[in-house]
1. Only Lys, Arg, Asp and Glu count, each charged at its Cβ (+1, +1, -1, -1), so figure out the dipole size of segment 38-239 about its Cα centre, rounded to 20 debye.
2. Around R187, which amide H atoms from residues at least 5 apart in sequence, or from another chain, sit under 5 Å from its own amide H, with H modelled in the peptide plane?
3. For L77 and A157, FRET efficiency with R0 = 22 Å and r from the beta-carbon atoms, rounded to 0.05?
4. Enumerate the calculated ³J(HN,Hα) couplings along segment 94-103 in order (Karplus 6.51 cos²θ - 1.76 cosθ + 1.60, θ = phi - 60°), each rounded to whole Hz, writing x wherever the residue is Gly or Pro.
5. Going 7 Å from the Cα of R54 along its beta-carbon direction, which residues of segment 191-209 have the amide nitrogen within less than 15 Å of the resulting point?
6. Can you list residues whose amide H is under 5 Å from V149's amide H, if they're 5+ apart or on another chain and H is modeled 1.01 Å from N?
7. Please tell me which of these pairs span more than 23 angstrom C-alpha to C-alpha: K208/K231; K161/K208; K82/K161; K85/K231; K51/K208; K62/K161?
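What follows is calculated from the coordinates using simple rules that are stated; it is not laboratory data. For clarity, every value in this text was computed on a predicted model and none was experimentally measured. So basically every Cβ, Gly included, is an ideal-geometry build from the backbone, and we count neighbours across all protein chains shown.
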Amino acid sequence: MKLSKKRYLLSFTAVVLVLAAVRAAFPEVAESSSNEEGVTSSSNPIPPSTKPHRIFSVPNFKACFPDTQAVQLQAALKWGVKRVKDREDAEKRKNELVYVGANPYFHVDHLYSSIPYLVPRAAVLLQDIGSAFFDSLYVKGIPLHRPIVTSVLRSEADVVKLRRHNGNATENSCHMYGTTIDICYNRFETVENPDGPARRAVRNDSLKYVLSEVLRDMREQGRCYIKYEVKQGCFHMTVR
């Protein structure tokens, strides 16, 4: 089923409103749930009686995420939309794409060379990555952070412009098919209450290690192809 931006946002808002209404009507349920899950104002979300899981990362980033442009392009051609010519063309194709600009599990960076749309299959993958990353941080006793998405759907015009100053960008980019996502590994967005105490600092390397574990699992499950990009500082992935 194809979801438009409007339908996606309306559905998301409806779920939030229903949950808010339940919480308002039955506050004891929310309080009980928080106590059972060990949710406190502490910077460590793990209950004191639970030993946090260790961070293992992956043995080697390049070896674990070796999928080349040629491999990813085959998947992009299989699952993607017809190449988008420019922003005007993209506006006409939203019935084939899902808006991913607003989500509690990941943050979409300010996009200079792409627009926040993906094919539904890729949007589900990104949602699952963000959710699994949250779960992994929780069981490891690490304050919650959101992965940052730096590139999604690119038009042909975007690629031409990007290639002028980015030698790593290819002419037949997988991003033009709405199947491909770049998630940076050297920046993350901290999740915290703006009116509450500051969360304890977490090194980006630690968050990168946790994210790499999540992505390795997704790749091993046959959900996506992934390339570890050194110069661009991101995991470049295409849904499969």
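1. Numbers: 28 positive and 21 negative charges, 67 e Å.
Here segment 38-239 has a charge dipole of around 320 debye.
2. Residues meeting the amide H criterion: none.
3. On the way: r = 20 Å, r/R0 = 0.91.
Calculated transfer efficiency: 0.65.
4. 5, 6, 9, 10, 10, 6, 10, x, 9, 7
5. So the set is empty, nothing qualifies.
6. Under 5 Å from the amide H of V149 lie the amide H atoms of H107, V108, D109, each far enough along the sequence or on another chain.
7. On the way: K208/K231 16 Å; K161/K208 30 Å; K82/K161 20 Å; K85/K231 27 Å; K51/K208 21 Å; K62/K161 28 Å.
Pairs exceeding the cut-off: K161/K208; K85/K231; K62/K161.
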